1. Report the full-extension gain for the segment TYR169 to ASP439: residue separation times 0.36 nm, less the Cα-Cα distance, to one decimal in nm.
2. Peptides 739-749, 672-682: what's the order by average Cβ count within 10 Å, highest mean first?
3. Suppose we look only past 22 Å in the calculated P(r) of region 463-621. What percent of the Cα-Cα pairs does that tail hold?
4. Multiply the residue separation of ILE76 and LYS23 by 0.36 nm, subtract the distance between their alpha-carbon atoms, and state the gained length in nm to one decimal.
5. I need the P(r) histogram for region 602-644: all alpha carbon pairs, bin width 5 Å from 0 out to the longest distance, whole percents.
6. Which semi-axis lengths, in whole Å and largest first, follow from the square roots of five times the eigenvalues of the Cα gyration tensor of region 588-661?
7. Given a cut-off of 27 Å, name the pairs among LYS564/LYS668; LYS500/LYS731; LYS626/LYS737; LYS610/LYS646 whose C-alpha atoms lie farther apart than that in the structure shown.
8. Mind ranking 631-641, 605-615, 240-250 by how tightly packed they are, going by the mean number of other C-beta atoms within 10 angstrom, highest first?
Amino acid sequence: MSDTPCYHCGLDCDKNPIVFNEKNFCCNGCKTVYEILNQNELSCYYDMENSPGQIPNEIKGKYEYLSNPEIVEKLIEFNDGNISVVEFYIPSIHCSACIWVLENLEKLNPAIVNSMVNFPNKTIRINFKTEHATLKDIVELLTSIAYEPYISLEDADKSAKKVDKTLIYQLGYAAFAFGNIMLLAFPEYFEKDDIWLDHYKYMFRYMMLVLSIPVVVYSAKDYFITAYKGLKKGILSVDVPIALGIIVLFARSTYEAFLDDGIVFFDSLSGLVFFLLLGRFFQQKTYNFLSFERDYRSYFPIAVTKIVHGKEENVPVQSIREGDRLLIRNEELIPVDGILINGEGLLDYSFVTGESASVYKANGEKVYAGGKQVGGAIEIDVINKISESYLTELWSNDVFGKDTFERDLKTVTNNISKYFTVVILIIAALAGSFWFIHDSKEAVGVISAVLIIACPCALALSAPFALGNMLRIFGYRKFYMKNAGVIERMNKIDHIIFDKTGTITTNDSTTLNFEGKKLTTKELQLVKTLIRSSNHPLSRALNDAIIVEPLLDKIENYQEVLGKGISGIIQGNEIKIGSAFFVETKLEQNLNTIIFIKINQDIKGYYRSKNVYREDVERVFAQLGKKYKMSILSGDNEGEKVYLEKILPMGTNLLFSQTPQNKLDYVKKLQVDGHHVLMVGDGLNDAGALAQSNVGIAISENVNVFSPACDAIMEAKLFNKLPKFLTLSHKTIQIIKWSFKVSFTYNVVGLYFAVTAQLTPIVAAILMPLSSISIVVFVTVLTNFVSKRTK
C-alpha cells in the first residue's frame, strides 16, 4: 500500500503516481490543475496549505446547456452588453488557498474583470467581458481547477434560498440515541445485586455503544472538523475543548463497556451532543430571524420620481411596480430594471461591476438596476418589481468597502477565545489529575464537565447579535446602515462635518425670488427642461418653482459641474444656470445664494434663494456640541454666516465656497490629525467626502441619493434624531461590554461546580447552550429596551 500523497488534493496516489515536475499526483485531473496554476504564476496557491485542492470533474460536453440564451439570461444577474455579472455557489471552497486562487481568476482568463469570494456563504461573484468569454467558458474554467459551481433551477429564482437541513438531521439522531440510551442505562442507575441485571448488563452496554457511534461520527462531526482545522492552522478554536470532552467520554465508556471496570457514560455522551446541537439550532433560528427582519422590514428611505399623466411625483422606492414610468436625473441611480423610453442613457455601472467606464444606451434598450445616469434626464418604463434585497447586495459590494473598516470588538473576542481555551485545558488537566489521585471514578466526569461548561461561545455571540439587532432597529426608524461595522465606527467619532444646502436646510421650504428681465414662457420652458435633469437641492427647488411644462426636446452637451452649475443646448439655445463664476458674470451676489440664468450669452437675471433650516437644528447642534467638535462645509458664499454663528456652538469651523475636492481634502486633514470623522451630506456634491470619512451619512429628502459612497442613509425628517442615533450606537457597544462581563461570571461559577465534581457532564451540556441563548436574549432585550428609552 502506497503512502504517497497527491501534491494537489492530498489523497493517496496508490502504487502508480503520476510524476510531473518532481511532484506526485493521483490522477491527470490534479496534474492538469497544477499545470494551469503553474503556467499562470499561481503556484503559490500550494504555499498557503498542504494539498489544498480538489480532484476536478470531467468537463467535456457537461455544460452545453449553458449555450442556451434563455438559460444564460436566467443565471446572469447583470449584462450591459459589455460586462456581465454572475454569482455561483462553490461547495468545494474550504480554506484561504481557495479564496486566493478564486480571487485571481483574471490571471487564468483575461476576460474576467474581477472576482470576489464570500467565504461563509461559499459563493463567488464574477464580472467578465461578454465579448471575450461566455458563461459556459467561466463555468468550465472553474470546473477545470476543481471548483465546480453548483447550478440548479433554483439559481434562476434568486428568491429561492438553499436550506441546509444537516443540523436538523444531526439533532434528530442525537435525540433518538439519547432517548434510547437513557432507557438502556436506566437499570444501572439503581443497580443492586440482581442476577437478571448482571446477565444482561453487557448486552445493554454494547447496544449503547452501537447507538453512540453515529452520535460521535455523524452528529458531533462538525465539532471535530472545526477543532481539527483550527489546530492545523495553529489556532485553538472554541470547539477544541468540546471535541476533547466528547472523545474522553466515548473512549472511557468504550473501555468500561469491554472491561467492566466501572460505569459507562454513553448516556452523558449522547445527552451532551443532543443539548449542544439543540443550543446551536436555537442560535441558528434566532440569527435567521434577525436576518429576516433586516432583509425584509428595513427599507431604503429613498424616493424616485414617477411620471403619472405627465406630472412628476416623488414616491417611495418600494412602491415601484411593473409598468411605471420613472424620471432618472443626472447622478441618480436606476433602482430597477427597465426599458429606456426617452433621452440618451449614459450609464455608470461601477456600482455593479466596479468598472467606471460609462455605457451608452439608446431608446428601446434595456437598462439594469444599479446603473447611475451621468447626463441629461431620461425616462424608463419599469419591467421588474423593485427588490430591496438586490439593492442591499449592491450597497454591500466589497468594491466599495472602506479600507478603514475596524473590527476591534471581533479581534478582542477572538483573542479572549484563544487564551480562554488554553486556560480551560490547563484547568481540566489539573482538576483531572487531582480527582484521579483522590477518586479516579470522578476524574472523567470532572474533566468532561470542565471542558464543556466553560465555553466562550456566549462571548462570541454577544457582538454580532447586539449589532445585528441594532441594525434592525435603525432600519425600522428609517436610518439604514450598510453593515454592523458602521455602528462600531460611529462609536469612535469625535468630529462631525455637516454640508449646508440640502443637509441642514430643507428643500421643501426654500423660497426663490426672480430678479432681472422677465422670462418668456419659452425661456421658462428651456430653463425647466435643463434644470429637471439635475438632482442638486437648489435645482430641485427651482424645478418646483417654475410652473410650466418642460420641452420634450433632447438636451445636447449636457454638463453638470458639481457645486457650480449646469449647462446644455436645447433647440439650438445655449443655457447656463449656476453661480456668477459659472455663467461668467461680475454681478455682485450680495452674500446671498444666487442662481444666475444665462441664455445665448445673455444674463437674464437670477433667482435669490432664502434657505429654511430644518426643524430643531439649533437644538441638534447644541446637543452634539457637548461631545463632538463640529464643522460646516458649504459650496455657497458667506451670505448666512452670521445666522449660522448664532445657532452653532462656539468653536465650530465654518468654511464656504467649498468645492467637492475641498471637502474631501478637509476630511483627510482631520483624519491625519488623528480625528475620527462623521460626514453628513446630501450624497451628491459630498460623495468624495462621504467616502473618505470614517462614517458617511447621506440625507434623503425626496431625492434618490442611494450611493456606494455612504455608510448610512437617513430620511431628512429624522435629522433631529441624529444625536439619539449616535447615543444608541454608544449604548450598543456598552451592552456588548456588559455581556462580556455576564459571560465571564457564568464561566467562573460554572467552573467552580465542575472542578468540585458537583456538575455532571450532561448538566454541563444543558447549561452550555443555555448560556449562549441567555446572552443572545440579554443583548437583544437590552438593545430593544435602550432603543425604546432613546426615542
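The values are calculated or read from the model by the stated rules, or taken from the named source; none is laboratory data. Predicted, not measured: the structure shown is a model, and the values here were computed from it. Cβ: placed from backbone, ideal geometry, glycine included. Neighbour counts: every protein chain shown. Just the protein is used for accessible areas: all its heavy atoms, side chains included, with ligands, DNA and RNA removed. Shrake-Rupley method; radii C 1.70, N 1.55, O 1.52, S 1.80 Å.
1. Details: separation 270, 0.36 × 270 = 97.20 nm, distance 3.84 nm.
In short, 93.4 nm is gained.
2. On the way: 739-749: 16.6, 672-682: 20.1.
Sorting 739-749, 672-682 by mean packing, highest first, produces 672-682, 739-749.
3. Working: 6640 of 12561 pairs.
Tail of P(r) above 22 Å: 53 percent of Cα pairs.
4. Result: 15.2 nm gained on full extension.
5. 5, 13, 22, 22, 17, 8, 5, 4, 3, 1, 0
6. Details: eigenvalues 188, 34, 19 Å².
Equivalent ellipsoid semi-axes, largest first: 31, 13, 10 Å.
7. Working: LYS564/LYS668 23 Å; LYS500/LYS731 29 Å; LYS626/LYS737 24 Å; LYS610/LYS646 17 Å.
Exceeds cut-off: LYS500/LYS731.
8. Numbers: 631-641: 20.6, 605-615: 18.3, 240-250: 23.4.
Top of the packing list down: 240-250, 631-641, 605-615.
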